[in-house]
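The structure under discussion appears below in the form of structure tokens.
What follows draws every value from the coordinates through simple rules; no lab data is involved. Remember, it's a predicted structure, so these values are computed and weren't measured experimentally. Reconstructed Cβ throughout: ideal geometry from the backbone, glycine too, with neighbour counts over all protein chains shown.
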Amino acid sequence: MSLTGKTAIITGSNSGIGLGVARELAKAGAHVVLNSYTDTDEDHALAAEIAKMTGVDARYISADMSNGEECRRLIADAGGCDILVNNAGIQHVAPVQDFPSGKWDAIIAINLSSAFHTTAAAITGMRDKGYGRIVNIASAHGLTASPYKSAYVAAKHGIVGLTKTIGLETAREPITCNAVCPGYVLTPLVEAQIPDTMKEYDMSREDVIENVMLQRQPSKEFATVEQLGGTVAFLCSDAAAQITGTTISVDGGWTAL
Ligand code: NAD
């Protein structure tokens, strides 16, 4: 599959799934724009490394996805895009009565509202080009729930709803909008949950991985960032032109249970 000449913006892509998606899209020939809010030398070096490895143009643009204006500025500073991957996300785990309001607001802003703002800013340019692919990185938690993740589950269900709506709004155009729903992927976001869970259940790291995290993932394996990147690249291909307004699970069977 060739994405040569296309430009992809991937939000939250200095780590984990976003970085994996950026690498796979670059391997398929797309120019890539990496993003986070940190603006470090390492962030710019990641873009340089992708450019060196694949020969595409790769840039890093700093923008805070918790702020609607910044989301829209990212699209403007990149000069628009053919492919938009809304991936930036954070997590917080707590029972609802103890869930800090600030964490609720941040999760809704970064995991859900940012995709509204970037999509709104990018879609006119896609219409002008006659091609557009919007891929939202949702979660198995966009289709099912778990306790103590109220904000995350609400945001991920919200992004599945946004995906369906944009799929319908663009159904007669050469633009698609889909959500990818990963199960557990061993990234820094998941690593950060392991120590608390070990403490909470008095379990070893191995037990937490096998009996808590992968308990609902029938394959008993983490999905990989390369598999997520490959799924996004497929959604950008001509073969996927009639796939829109829907979800693709990459969850080892979780949502079949
Ligand atoms: P990660 O922590 O490795 O990456 C998160 C990315 O978001 C980082 O690049 C970070 O810089 C960026 N980010 C956070 N706040 C930001 C902000 N305010 N502005 C700009 N960027 C910001 O986590 P990950 O596991 O790679 O998660 C990526 C996405 O995949 C998230 O939306 C997450 O919900 C989703 N997801 C992850 C898993 C998993 O098991 N890892 C499963 C399902 C869904």
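Compute the semi-axes of the equivalent ellipsoid of the stretch 137-219, taking the square root of 5 times each eigenvalue of the Cα gyration tensor, and list them largest first in whole Å.
Semi-axes from the Cα gyration tensor: 32, 12, 10 Å.
I need the semi-axes of the equivalent ellipsoid of the stretch 59-171: take the C-alpha gyration tensor, multiply each eigenvalue by 5, square-root it, list largest first in whole angstrom. All intermediate terms of the calculation are to be shown ahead of the outcome.
Values: eigenvalues 146, 53, 18 Å².
The equivalent ellipsoid of the stretch 59-171 has semi-axes of 27, 16, 9 Å.
When the trypsin sites (Lys or Arg not before Pro) in the stretch 150-257 are filtered for DSSP coil states and for at most 16 other beta-carbon atoms within 10 Å of their beta-carbon, the remaining sites are Arg172, Lys220. For Lys52, the lysines whose Cα falls under 18 Å of its own Cα, not counting residues fewer than eight places away in the same chain, are Lys6, Lys27. Taken about its Cα centre, the chain carries a charge dipole of about 760 debye when Lys and Arg each add +1 at the Cβ and Asp and Glu each add -1 at the Cβ. Extension gain, Glu49 to Gln215, is 56.1 nm, computed as 0.36 nm per intervening residue step minus the present C-alpha separation. Along each principal axis, taking the top coordinate minus the bottom one, the Cα set of the chain gives 54, 40, 35 Å in descending order. Ellipticity at 222 nm from helices only: DSSP H runs of n ≥ 4 in the chain, each -39500 (n - 2.57), divided by the residue count, give -12500 deg cm²/dmol.
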